[in-house]
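The values are calculated or read from the model by the stated rules, or taken from the named source; none is laboratory data. These figures come from a predicted structure and were not determined experimentally. Quick reminder, even Gly has a Cβ in these numbers, built from the backbone with ideal geometry, and neighbours come from all protein chains shown.
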Amino acid sequence: MNSVETIVHPQVREESTRARAENGAEVVVVRRPGFAVSAAHVGLRFGSNDLRFRLGDRIVEVPPGSAHYLEHKLFEGRDEKVFDRFARIGAEFNGGTSFTTTTYYFTASQAFDAGLDVLLDFVQDVLLTEERVEKERGIIEQEVRMYDDHPSFHGVFLLHRALYHRHPIRHSPGGSVDDVRRITVDHLRDCWQAFYRPENLRIAIAGDLDPEAVLARVEGMLRPAVLTPPVERLVVEEPPTPAASLLEEDFRVTRPHVYVGWRDPEGPGLGDSGLRRRLLGSLALDLVFDLASPIHEDLYQRGVVDDGFRASLSVDADWSYAAAGGESDEPERFLAEVAGAAESARDRVREDDFERVRRAAFGRLVSSLQSCSAVAGHALHAMLQEVAPFAALDLLAGLRFDEVRVRMDELFREEHRAAAVLRPEGG
């Protein structure tokens, strides 16, 4: 291992050892004395948004859902299903594909070393044949249908299509059934060659473990880097304003489902500056729609929103939007009142409200880091965002009220707004 560095974070007193393997993979080990269950997470910056890239002298275009399909093929293993390998040693295992990442992780109270060997074995070795790819197609189609039948899932992606003209976030990570039917073994091989490279792996481990011994074991399991064609992601040009002010569909709901979103003209990027902008956006959203917010309380007391109302921030390197949604028998009133509340909030919030939501965000983050799996997941996410583990705690402590007010003014603008409504069929 190269560049080995051990740091004790002063606020949560977590000791993390960071290193870079000989093949370029990055590793973090968080030592947690006294914990019976250990966890390991491995991931890479390859997700459902990676639909077009240059591989050597070729431009490759793959259907939406290709990253998720490839995840399924890794689960299958070369000789034995990966879930069965973990079950045999008493470990719990899973994985997932997001817009920008693919991750695999396990927890174990015993046989942790054996589990780590399995994890680092299958993520570096996949067997892709036409027969194997075809065998999985029906299973993935069923999964895609199941998600798309859910009103909240369907509504969010209707909002995405209103907010964005061409950005891949318009597509769900699994793609559509038609997308799944178009995916071939060659698409998956191109994705594997382009992104599942040793230098792209990020590995986070947490538990009552000896970091030096863990790093040595990881180094022994990692395969050497090989000469591969260069890769370049080809990013679509996205206009700075939404694609549509309102999209509506009939759906299998008993009450209208209503969504409103505000998008940034561009994403914040990665690294500390991107994380800082993300945190400011999250606090801005909390100031408006947090349950303890006077603005939310007013909307609730007047019957504009109910207990099902939710707000969230979705952001990564090249996109960022805030959204709020819920059920309402008066969709037009819901959209007008919720949008008006957000777009006038900058001059209504107070500094003591800011301190409340900042402290609450800090507390939620600290309380979320109780289990070893949560700590390893947090550390992996930090590496994939190109920041240090627990950097969010340091940045949160330094954010100022005036910065959040500026961020609110940037984000909550009418020209950045779009909406989506699912109306009852036959209504």
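At-a-glance table
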| item | result |
| --- | --- |
| Those residues of segment 120-142 which are of a type in the set (D, E) and surrounded by 14 or more Cβ atoms within 10 Å (Cβ to Cβ), in sequence order | D121, E136, E141 |
| Those residues of segment 119-136 which are without any contact (Cβ under 8 Å) to a residue 60 or more places away in the chain and not in a loop (DSSP other than H, G, I, E, B), in sequence order | F122, E130, E131, R132, E134, K135 |
| Which numbered condition Q193 misses (of (1) of a type in the set (S, T, N, Q); (2) closer than 18 Å to T101 by Cα; (3) under 21 Å from the mean Cα position of the chain (by Cα)) | (3) |
| V180 being over 19 Å from the mean Cα position of the chain (by Cα), crowded, with 16+ Cβ neighbours inside 10 Å and farther than 20 Å from A40 by Cβ | yes |
| Residue check, A216 under 30 Å from P33 (Cα atoms) and either surrounded by 15 or more Cβ atoms within 10 Å (Cβ to Cβ) or charged (D, E, K, R) (or both) | no |
| From the options T6, T17, residue that is surrounded by 13 or more Cβ atoms within 10 Å (Cβ to Cβ), under 17 Å from D210 (Cα atoms) and modelled with pLDDT of 95 or more | T17 |
| Count - residues of segment 250-268 that are surrounded by 14 or more Cβ atoms within 10 Å (Cβ to Cβ) and either outside the structural domain of L384 (by TED's automatic domain parsing) or under 29 Å from V387 (Cβ atoms) (or both) | 6 |
| Selection count where residues are within 23 Å of P242 (Cβ to Cβ) and not in a helix (DSSP H, G or I), scope segment 163-174 | 7 |
| Selection within segment 356-373 - assigned to a helix (DSSP H, G or I) and either outside the structural domain of E414 (by TED's automatic domain parsing) or in contact (Cβ under 8 Å) with a residue 24 or more places away in the chain (or both) | R356, V357, R358, A360, A361, F362, L365, V366, C372, S373 |
| Meets criteria (assigned to a helix (DSSP H, G or I), farther than 25 Å from S66 by Cα, modelled with pLDDT of 95 or more and among the β-branched types (V, I, T)) for V218 | yes |
| Hey, G155 at pLDDT 95 or above and not in a helix (DSSP H, G or I) or not | no |
| Hits in segment 340-368 - residues which are buried (at least 19 other Cβ atoms within 10 Å of the Cβ), in contact with an Asp or Glu (Cβ under 8 Å, 6 or more places away or on another chain) and not small (G, A, S) | R346, V357 |
| Close pairs from segment 206-228: first on the phi > 0 side of the Ramachandran plot, partner surrounded by 12 or more Cβ atoms within 10 Å (Cβ to Cβ) and in a strand (DSSP E or B), Cβ under 7 Å, at least 6 apart | G207/S38; G207/A39 |
| Subset of segment 389-426 (residues that are in contact (Cβ under 8 Å) with a residue 60 or more places away in the chain and assigned to a loop (DSSP other than H, G, I, E, B)) | P389, F390, L399, F412, R413, E425, G426 |
| Condition check for E71: of a type in the set (D, E, K, R), free of Cβ contacts under 8 Å to residues at least 24 places away in the same chain and either touching a His at 6+ places or on another chain (Cβ under 9 Å) or under 30 Å from S320 (Cα atoms) (or both) | no |
| Residue match in segment 385-401 (condition: farther than 30 Å from T254 by Cα, exposed (fewer than 14 other Cβ atoms within 10 Å of the Cβ) and modelled with pLDDT of 95 or more) | yes |
| Any pair with Cβ under 9 angstrom, 6 or more apart, that starts in segment 188-200 at a residue that is free of Cβ contacts under 8 Å to residues at least 12 places away in the same chain and ends at one that is not in a helix (DSSP H, G or I) and not small (G, A, S) | none |
| Residue match in segment 100-108 (condition: buried (at least 17 other Cβ atoms within 10 Å of the Cβ) and touching a His at 6+ places or on another chain (Cβ under 7 Å)) | yes |
